[in-house]
Amino acid sequence: MEKENKSLDIKSIESRVALAREAINGPLPEMGVTKREAVWKKNKATLWYYPPAEKKYRIPVFIVYSLINKPVILDLSPESSMIASFVNEGFQVYLLDFGAPGFEDGDLSISGYVSDYIQKGVKKALRHSRAKEITVYGVCLGGTLAAMYAAIAEEPVKNLILSTPPIDFSHSPAFDEWSKAIREGNADFDEWLDVTQTLPGFVVNRGLNLVTSPIHFSSYLALLSRVEDPKYVDKWRRFNHWTRDHVPFTGAAMKQMMNDLVRKNKLVTGEIKINKKKASLKNIQANLLVIAAENDFLVPEKMIKPIMKLVSSRDKTYKLIKGGHTSFSNASMFPPYIAEWLPERSEPRS
Amino acid sequence: MEIKENPDNYYETLRLMGVQKEKELNTLIREALNNDEWIKEASLQSNTTAKMVKQMQESMEALSALGNFPTKRDVANVAKMQVQLEEKIDQLEEKLSKMVKICKASKRKKSKDKKDKKKKHSKKESGKSESIDKLMHSLNEGMNQTHGKRK
């Protein structure tokens, strides 16, 4: 019996490398394919509405994504789209896309994002959906913003879902000496941020890479090893594009992050102010679901879990799930931990 | 019988080795950069550069006044005014939607009042017809009695 197998020769290596190069440099497939319509625009931000084919719940979901990357990760392709999974379940979904800030937005702080964009966006979504209550779903740094918003919300936020949100900045994922220096006032970049107004996208990209993985080539080896699997290649290309496509970060938001969050940990101490209002996490009474990832190097569990003791919510759930920082964002199906928590709290239409 | 090894295994082994090496290298780099001296130097350099850039920006502002050309700050100011406009439109929209709500509520109240009035009126009418019925009934009875006596 002869086993039919390909041998490892120069030709096969060359053909694999050629395929991998094609995957890296070829035109990108279309991303963000779920049907949507813009319901509100302000500055560079857009509030997108994703209508379900059949509305099964009275309470819509309002998604707040991070300020660092583009939210297209939530709708990468029809096969891996978190948004599509919510829509297919019968939820009305709203996504607040902050867009890419420019030089003119340099004075837009974290507090500004919360009061001028998230709060107003929630109002618009409530009016548009004619719903009496809403679910706010914050992802990554969007989770921090969502928690801050829920702490000052006058709108009826029934459920709050926070996926890998950095809350307690007394723990740093890496570069503890840098965090220590910022905390002790030995490192100060305010003057530089005032001059540049915004950190360009590529700087944000390099900075994040420095924290997670300064040298990165393993994903290319993964591509090489599975380059003959078209499904894998398609997903790889979309994901690879997203990881490199960072948005600029406003100077004021970076300053507030360094001074209020990293240096003084004001979100935990309850001293952070938004529009002269104290955004104490104690004010949060909404049903709360917090999700952390076991292998998240960017936002480890230590930075997330303390929120459970800081809120006043009676109904609160904490889930530690297998996976990395972005595992939940490009899920191919309605995540089971959401499926068992959200529907019963979203007033199903009988 | 010829058995050739599957090249996929080579690539998978290569990937695993790559992951391991990448991890080691990244730990080395992070440890090297996580240094107090580096941080102080970066902070100092950023402040020095910021001062230089600020001076340059001020000079450009002065030049723009003389040369009569707009700077990035001018463009930013126009953009900020546009955001202010958007905010004003939002406020107007909010006020309008509140007014529409109030109008709808008062319209609903008016139509409810109208219905109530109609109901009251019809009640009154039915009361009248009831008393007429009673009157007719007693008249009939009276007539019957007088006719009976005559017989």
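Taking every pair of distinct Cα atoms and averaging 1/r, then inverting, what Kirkwood hydrodynamic radius in Å comes out for the protein assembly as shown?
On the way: mean 1/r = 0.0370 Å⁻¹.
It works out to 27.0 Å.
Starting with the fewest neighbours, write out B:17, A:254 ranked by other beta-carbon atoms found within 10 Å of each beta-carbon. Don't jump to the answer; show the numbers that get you there.
On the way: B:17 12, A:254 23.
Going from sparsest to densest Cβ surroundings: B:17, A:254.
Can you bin chain B into rounded, prolate or oblate? Criterion: square roots of the alpha carbon gyration tensor eigenvalues sorted a ≥ b ≥ c, rounded for a/c under 1.5, prolate for a/b above b/c, oblate for the rest. Walk me through the numbers before you get to the answer.
Details: a/c = 5.83, a/b = 2.24, b/c = 2.60.
Oblate.
Across peptide B:10-17, how many C-beta atoms of other chains are within 10 Å of each residue C-beta, on average?
Working: counts 3, 11, 5, 1, 4, 9, 4, 2.
Rounded to a whole number, the mean comes out at 5.
To make sure I understand, if each residue's beta carbon is the centre and we count other beta carbons within 10 Å, what order do A:64, B:19, A:262 fall in, fewest to most?
Numbers: A:64 32, B:19 15, A:262 18.
Sorted ascending by nearby Cβ count, the order is B:19, A:262, A:64.
If I model a spin label as a point 7 Å beyond the Cα along the Cα-Cβ vector, how far apart are those points for residue B:52 and residue B:35 in nm?
About 2.2 nm separates the two model spin labels.
Please report, in debye to the nearest 20, how large the charge dipole of the range A:33-345 is about its Cα centre when each Lys and Arg carries +1 at its beta carbon and each Asp and Glu carries -1 there. Present the calculation step by step, with values, prior to reporting the outcome.
Numbers: 42 positive and 33 negative charges, 210 e Å.
It comes to approximately 1000 debye.
Output the Kirkwood hydrodynamic radius of the range A:201-308, Cα pairs only, in Å rounded to one decimal.
Mean inverse Cα-Cα distance, inverted, gives 17.3 Å.
If each residue of separation counts as 0.36 nm, what is the full-extension length gain between residue B:140 and residue B:23 once their alpha-carbon separation is subtracted? Could you put the intermediate results ahead of the total?
On the way: separation 117, 0.36 × 117 = 42.12 nm, distance 11.00 nm.
Roughly 31.1 nm would be gained on extension.
Past 29 Å, Cα to Cα, is the threshold; run A:42/B:110; A:316/B:98; A:44/B:54 against it and keep the listed order.
Distance filter (> 29 Å) returns A:42/B:110; A:316/B:98.
Could you give the dipole magnitude of the range B:7-116 about its Cα centre, charging the beta-carbon of Lys and Arg +1 and that of Asp and Glu -1, in debye to the nearest 20? Don't jump to the answer; show the numbers that get you there.
Numbers: 22 positive and 18 negative charges, 348 e Å.
So the dipole magnitude of the range B:7-116 works out to roughly 1680 debye.
Taking GluC sites (Glu not before Pro) as candidate sites, keep only those in a DSSP loop with at most 10 other Cβ atoms within 10 Å, then name the longest stretch of chain A containing none of them. Don't skip to the end; give the middle numbers.
Numbers: sites that count: A:2, A:4, A:30, A:54, A:154, A:184.
Counting only loop sites that pass the neighbour cut-off, the longest clear stretch is A:185-350.
So how strong a dipole does the range A:253-350 carry about its Cα centre when Lys and Arg Cβ are +1 and Asp and Glu Cβ are -1, to the nearest 20 debye?
680 debye
Using a Gaussian network model on chain A with a 10 Å cutoff between Cα atoms, which of A:274, A:152, A:321 fluctuates the most?
A:321
If you take every DSSP beta bridge whose two residues both sit in the range A:33-345, what share of them, in percent to the nearest 5, is antiparallel? Can you show the working numbers first?
Working: 16 of 41 bridges.
DSSP beta bridges in the range A:33-345 are roughly 40 percent antiparallel.
What aspartates and glutamates does residue A:302 reach when the alpha-carbon gap must be under 20 Å and sequence neighbours fewer than 8 apart in one chain are set aside?
Filter leaves A:168, A:176, A:177, A:260, A:294.
Taken together, the values in this text are just the output of simple stated rules run on the coordinates, not laboratory data. In this text, all values refer to a predicted model and were calculated from it rather than measured experimentally. Here Cβ is always computed from backbone atoms with ideal geometry, including for glycine, and neighbour counts include all displayed protein chains.
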